[in-house]
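Take a look at the structure set out below.
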Amino acid sequence: MLTNSWSVMAEVAIIAHPSNENSPNKAQLIKIFLKKNKAFGDGSPAKPIYQKSGQDISKEFNAKVLHKSASQLKSYWTKLMFTGNGSAPKEVKGAGEVIELIANNPSFIGYIDASKVTGEVKVIAKF
């Protein structure tokens, strides 16, 4: 018996508030999402939002953007908290919550499956 195993790879959209005029490159996005940079290029605050780890879109984001596994990322945040140099970013359940938070706060930046983007947010990058 032959079985097919398909791995569906979603396109990851990095989203921000529609008023956000910044166009960060991948290196800048990595720094923002790892909380090494706390501001966008124009100096306005940048607060990353993650989706719960274990979700397909989180796995795609970790692999395509951060180049880290979930366990590497967990270790990174644990070390950061243990040394007193920061804390893990806000985690939410899904795309709807990410969109709602970003639509109501220009400081937030997050990621969702590109197919779930609405007019309430602005796509600043795709991977």
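The values are calculated or read from the model by the stated rules, or taken from the named source; none is laboratory data. All figures in this text were calculated on a predicted structure; none of them were measured in a lab. Positions of Cβ are backbone-derived with ideal geometry, glycine not excepted, and every protein chain shown enters the neighbour counts.
The table below lists the values:
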item: Considering residues of the stretch 46-83 that are outside any helix (DSSP H, G or I) and of a type in the set (Gly, Ala, Ser) only, the residue nearest to PRO18 (Cα to Cα); result: ALA46
item: Residue match in the stretch 32-42 (condition: closer than 21 Å to ALA114 by Cα and of a type in the set (S, T, N, Q)); result: no
item: Residues located in the stretch 79-127, provided they are among the polar types (S, T, N, Q), farther than 23 Å from GLY43 by Cα and free of Cβ contacts under 8 Å to residues at least 24 places away in the same chain; result: THR83, THR118
item: Contacts under 8 angstrom Cβ, first residue in the stretch 7-33 being at positive phi and at pLDDT 95 or above, partner surrounded by 12 or more Cβ atoms within 10 Å (Cβ to Cβ) and assigned to a strand (DSSP E or B), 6 or more apart; result: none
item: Residue among GLY43, GLY119, GLY86 that is in contact with a Leu (Cβ under 6 Å, 6 or more places away or on another chain) and either in a strand (DSSP E or B) or of a type outside the set (S, T, N, Q) (or both); result: GLY86
item: From ILE30, ILE14, residue being within 16 Å of the chain's Cα centre (by Cα), under 16 Å from LYS126 (Cα atoms) and buried (at least 17 other Cβ atoms within 10 Å of the Cβ); result: ILE14
